[in-house]
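Student: Submitted below is the structure of interest, expressed as C-alpha cells.
The values are calculated or read from the model by the stated rules, or taken from the named source; none is laboratory data. All values reported here derive from a predicted model rather than from experimental measurement. Neighbour counts are summed over all protein chains in view; Cβ atoms, including those assigned to glycine, are modelled from backbone coordinates with ideal geometry. Ligands, DNA and RNA are excluded from the accessible area calculation, which covers all protein heavy atoms including side chains. Shrake-Rupley method; radii C 1.70, N 1.55, O 1.52, S 1.80 Å.
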Amino acid sequence: DVVETQEHYKSRWRSIWIMHLTMFLSSVGFSIVVMSVWPYLQKIDPTADASFLGWIIASYSIGQMVASPLFGLWSNYRPRREPLVVSTVISVAANCLYAYVHVPHSHNKYYMLIARALVGFGAGNVAVVRSYVAGATSLTERTSAMANTSACQAVGFILGPVFQTCFTLIGEEGVTWKLIRLQLNMYTAPVLFGALLGLINIILIFAIFREHRVDDMGRQCTSINFEEEGIFGGLDQDAEGSIDQVAVVSVNFLFFVILFVFAVFETIATPLTMDMYSWTRKEAVLYNGIILGVVGIESVIVFMVVKTLSKKTGERALLHGGLMIVLVGFFILLPWGKKLPNIQWQEIKNNSIPRTTFSEMLMPFWSLEAMQLSSNHTAEPTGCPVSQSWCLNTPKIYLAQYISSDVLIGLGYPVCNVMSYTLYSKILGPKPQGVYMGWLTASGSGARILGPVFVSQIYTHLGPRWAFSLICGIVVISLLILEIVYKRLIAFSVRYGRMQE
C-alpha cells in the first residue's frame with residue numbers, strides 16, 4: 001500500500017470528473033433527439049410507420065443492454081481508456097450516420113435504426129464509468145461520487161431536449177453543403193453537436209484521464225488497469241475473498257424494479273392525463289413536459305442531498321426509505337373517488353380493443369399521439385375513450401393525486417438509484433467491477449424496454465387500478481427481498497472484518 005500524495009489525489013479526482021462528463025454526454029446522446037425522431041423519420045422515409053418508430057426508440061436501450069457487459073469485461077483486463085475511447089468513437093460515428101440517413105435512395109429508416117442502436121451501444125460505457133468511479137474512491141467517498149455521477153446523468157436527460165429546442169430555430173430546411181452532402185437542419189444539428197461533444201470528450205480522456213485505484217480505506221494501490229511507466233501491478237491482498245453473490249443478484253433485481261417502475265411512470269403520464277383530465281394531445285405533451293422538467297430538477301437536488309444524508313443513516317436505510325416513498329407515490333395514484341372521467345363518445349368501428357403490435361408497445365405514448373395528431377385534421381376528441389371499457393366504471397384520478405404522485409416518485413427514484421449503485425459497488429469491493437457493473441446497466445436497460453410494454457397492455461385492457469396495483473405489488477415484493485437480504489448488503493471489507501461498518 002502506498003500513501004496517497006496531494007498530486008495523486010488531484011489527478012484521481014480530475015479523472016473522476018472526466019467520468020462524470022462522459023456520463024453526462026451519454027445521456028445527452030439519448031435525449032437530444034427524442035422529441036424529433038418521428039418527424040425526421042417521416043421526412044426521410046414516408047414508408048415508416050408507428051410500429052417501426054417503436055423499434056427505433058427501443059434500439060438505444062437494446063444496444064446499451066448488449067454493450068454494457070462487453071465493455072465492462074474489456075475494462076477488467078485492459079486500461080479503461082481503451083473501452084472509453086472506442087465506445088465514444090462509436091457514438092460519434094453513429095451520430096454522424098444519423099445526420100446522413102437522408103442520403104440513401106431507399107431503406108432510410110433502417111439506417112436510422114442502425115444509427116440509434118449504435119448510439120446505445122456506445123452508451124454501454126456507463127458500466128466502465130461506474131466501475132472506475134467505484135474503484136477510484138474509498139468507502140467514505142463512494143456515495144458522494146456515485147451521487148454526482150447520477151446527477152450528471154440526470155442533468156444530461158434534462159438538457160438534451162433543451163438543446164433540441166434551441167436547434168429548432170434552424171428550421172427544417174436549414175443549410176445544405178452539397179460538396180459533402182450534409183444538411184444542417186433542426187434534425188441533424190443536435191446529433192452533430194453531440195458528435196462534437198464526443199470528440200471533446202475523447203480529447204479530455206487522452207489529456208486528463210489517468211488510471212487510479214484506491215482501496216476501501218483510501219490507500220493508493222495498483223490493479224490490472226493501473227498504467228504508469230508501462231508497469232501493470234497485480235491486485236492487492238484485500239481482494240482475497242469471495243463476493244456475496246446473493247447480495248449481487250438482489251441488488252440487480254432491486255435496480256431492475258426501480259428503473260421498471262420509473263419507465264412505467266414516464267410512459268403512462270400522457271395517456272393517463274388525456275383520459276382523466278380531457279387534455280388534448282398538445283396540452284398533455286406540454287403540461288407533462290413541464291411536470292417532468294420540474295421532477296428532473298427535483299431529482300438533481302435529491303442527488304445532492306443524499307450525499308450528506310447517507311452519512312447519518314447509511315445506504316441501506318435510504319434505499320428502504322426510497323422504495324417506501326415510491327410505493328406511496330403509486331398507491332396515491334389508485335382511483336379512490338366516485339366521480340367518473342369524461343367519456344370520449346365517438347363512432348367506434350370495432351367494439352373490441354385494437355390489437356397492439358410488440359413494436360408499438362415499445363414506443364412511448366406521446367410519439368403515437370403525435371403521429372395521430374399530424375394525420376387528423378378534424379376536431380380532436382378528448383376524454384376517456386369508450387373503447388377502453390374500464391372508462392365506464394373506474395373512478396377519476398384527481399389532478400392533486402397525480403401531481404402528488406409525481407412529486408413523491410421524483411423524490412424516491414433518485415434516492416433508490418444512487419443507493420443501488422453505491423451499495424453494489426461496496427459489495428463488490430476490490431474485485432474488478434466492469435462485468436458486474438455491465439450486468440447492472442443491462443438490467444436497467446431491460447427494465448426501460450419492458451416497462452412501457454407492461455404498462456401499455458395492462459393500462460389499455462384493465463385500466464389504472466390494475467396497472468398501479470400491480471406496480472405496488474412489485475414494489476412490495478422488492479421491499480420484502482430487501483428485508484431478507486438487508487444484513488448481507490454490506491461492504492466487502494466490512495464482510496471480511498477489515499473495516500468497521
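Student: Using just the Cα positions, wrap the chain in a convex hull and report its mean projected area in square nanometres, one decimal place.
Tutor: About 24.5 nm², averaged over all directions.
Student: Follow-up question, since we're still on this one. How are the C-alpha pair distances of region 47-128 spread across 10 Å bins, as whole percents from the shortest bin up?
Tutor: 21, 43, 25, 10, 1
Student: When ligands, DNA and RNA are left out and all protein chains stay put, how many square angstrom of accessible area per residue does the chain have with a 1.4 Å probe?
Tutor: 43 Å²
Student: Moving to a separate point now. Using per-residue counts of other Cβ atoms within 10 Å, averaged over each peptide, order 9-15, 257-263 from highest down.
Tutor: 257-263, 9-15
Student: Relative to the longest principal Cα axis of the chain, at what angle does helix 464-485 sit, 0 to 90 degrees, rounded to 10?
Tutor: For helix 464-485, the angle is close to 10 degrees.
Student: Of LYS307/LYS431; LYS307/LYS426; LYS311/LYS426; LYS312/LYS426, which ones are farther than 21 Å apart at the Cα?
Tutor: From LYS307/LYS431; LYS307/LYS426; LYS311/LYS426; LYS312/LYS426, over 21 Å: LYS307/LYS431.
Student: Additional query: Run lengths n ≥ 4 of DSSP H only: what is the helix-derived mean residue ellipticity at 222 nm for the chain, with -39500 (n - 2.57) per run over all residues, to the nearest 500?
Tutor: Calculated mean residue ellipticity at 222 nm is -23000 deg cm²/dmol.
Student: Treating the beta-carbon of each Lys and Arg as +1 and of each Asp and Glu as -1, no other charges, what is the dipole magnitude of the chain about its Cα centre, to the nearest 20 debye?
Tutor: It comes to approximately 400 debye.
Student: Something else about it: Along the positive direction of the dipole of the chain (beta-carbon charges: Lys, Arg +1; Asp, Glu -1; about the Cα centre), which of GLY322, GLN433, THR22 reaches farthest?
Tutor: The residue sitting most towards the positive pole is GLY322.
Student: Now for a separate question. Two decimals is fine: what's Rg over Rh for region 1-221, C-alpha atoms, Kirkwood radius as Rh?
Tutor: Here the Rg-to-Rh quotient is 1.04.
Student: Towards the positive end of the charge dipole of region 77-184, with charges on Cβ (+1 Lys, Arg; -1 Asp, Glu), say which of TYR132, TYR98, CYS166 has the farthest Cα.
Tutor: TYR132
Student: Now a separate question. What is the helix-to-structure angle for 126-135, meaning the angle in degrees between its Cα long axis and the longest Cα principal axis of the chain, kept from 0 to 90 and rounded to the nearest 10?
Tutor: Approximately 30 degrees, to the nearest 10.
Student: Further question: Which of MET274, ALA151, THR422 sits closest to the plus end of the dipole of the chain, meaning its Cα is farthest towards the positive end, when Lys and Arg get +1 and Asp and Glu get -1 on the C-beta?
Tutor: With unit charges placed on the Cβ atoms, the residue in question is MET274.
Student: For Cα pairs less than 8 Å apart in space and 6+ apart in sequence, what is the mean separation divided by the residue count of region 1-221, i.e. the relative contact order in percent?
Tutor: Contact order relative to length: 37 percent.
Student: Same structure again: Using only Cα atoms, tell me the angle between helix 399-428 and the longest principal axis of the chain; keep it within 0 to 90° and round to the nearest 10.
Tutor: Taking Cα atoms only, the helix is inclined about 30 degrees.
Student: Give the peptides 415-428, 88-101 in descending order of average Cβ contacts within 10 Å, highest first.
Tutor: The peptides rank, most packed first, as 415-428, 88-101.
Student: In region 1-221, carbon and sulfur make up what percent of the accessible area (probe 1.4 Å)?
Tutor: Taking all protein chains in place, region 1-221 shows 70 percent carbon and sulfur surface.
Student: Is there a quick way to get the dipole size of region 1-221? I mean about its Cα centre, with the Cβ of Lys and Arg at +1 and of Asp and Glu at -1; what is the value in debye to the nearest 20?
Tutor: 240 debye
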